[in-house]
Ligand code: HEM
């Protein structure tokens with residue numbers, strides 16, 4: 001079985017006290033929305049998660065309003081359409097799993113909300129997968145609808161290459177090279193799987209600082225109390 005292990009990339013969020021690169025997350029969201037969302041759902045991700053990291057609250061509200069949500073029943077028992085709100089989850093490209101498979105040659109495009117936690121190698125794997133499509137080794141024939149990718153288990157994946165130079169135009173002017181797009185969307189998917197990541201590290205920092213102050217005080221107090229007895 002062919003399967004390469006991805007190298008460890010130097011993400012800004014590596015390290016106990018390091019945060020995400022928020023500008024990169026914002027671009028990564030754009031890549032997900034404009035490229036990946038054509039086939040992949042992220043149905044456990046709500047617009048409210050985008051507030052403070054990717055968008056301001058107003059921007060996130062406007063983003064949510066772009067989608068149409070079927071809600072209800074109303075007082076008359078009818079379902080109705082309304083614009084999205086912060087509490088809504090990302091829309092899915094297909095009505096159900098069967099429709100998703102039918103549109104992809106029988107292969108199911110997995111939901112991407114927690115894909116970084118679900119795959120060995122996490123965001124390193126996603127980046128490697130997206131940037132490593134190539135011709136199969138000599139003598140290996142690919143079946144119709146399968147594409148060679150050395151990072152995918154078995155080497156034959158039902159997802160075609162979707163990341164190319166300039167398939168997205170970034171609002172912030174960053175050069176949208178294929179590797180930049182892949183990096184940004186991989187960071188965004190890592191964020192999706194752990195939206196509390198930055199806050200968790202911030203709390204850890206506060207806890208360590210708080211306990212250090214406490215330790216020094218208690219140590220001094222102990223020495224002080226026992227001084228007369230020694
Ligand atoms: C599988 C990511 C775009 C169709 C996957 C997997 C990931 C992924 C992580 C799982 C691989 C594994 O099982 O280890 C992405 C990202 C995209 C993107 C980040 C955007 C940059 C697309 C698009 C399509 C698509 C546009 C459809 C045209 C599929 C299908 C599979 C898949 C059918 C299942 C492959 C198989 O099991 O052989 N994708 N994808 N993906 N994706 Fe995508």
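Assorted remarks:
- Scaled against 2.2 N^0.38 Å for its residue count N, the alpha carbon radius of gyration of segment 45-107 is 1.40.
- Dividing the convex hull volume of the alpha-carbon atoms in the chain by its residue count gives 213 Å³ per residue.
- Spatially, segment 152-216 and segment 67-132 are offset by 19 Å when compared through their Cα centroids.
- Fewest-first ranking of 42, 79, using other Cβ atoms within 10 Å as the exposure measure: 79, 42
- Helical runs (DSSP H, four residues minimum) scored at -39500 (n - 2.57) apiece and divided by the length of the chain put the mean residue ellipticity at 222 nm at -12000 deg cm²/dmol.
- For segment 1-105, the Stokes-Einstein estimate of translational diffusion at 25 °C and a viscosity of 0.890 mPa s comes to 149 µm²/s, using the Kirkwood hydrodynamic radius over alpha-carbon pairs.
- Computed from the C-beta positions of residue 82 and residue 135 and an R0 of 41 Å, the FRET efficiency is 0.25 to the nearest 0.05.
- The radius of gyration of the Cα set in segment 125-230, together with its Dmax, comes out at 26.2, 86 angstrom.
- Packing-based ranking of 157-163, 139-145, 205-211 yields 157-163, 205-211, 139-145, ordered from highest to lowest mean Cβ neighbour count within 10 Å.
Rule-based calculations on the coordinates, nothing more; no lab input. Every value quoted in this text rests on a predicted model; they were computed, and no experiment measured them. Cβ: placed from backbone, ideal geometry, glycine included. Neighbour counts: every protein chain shown.
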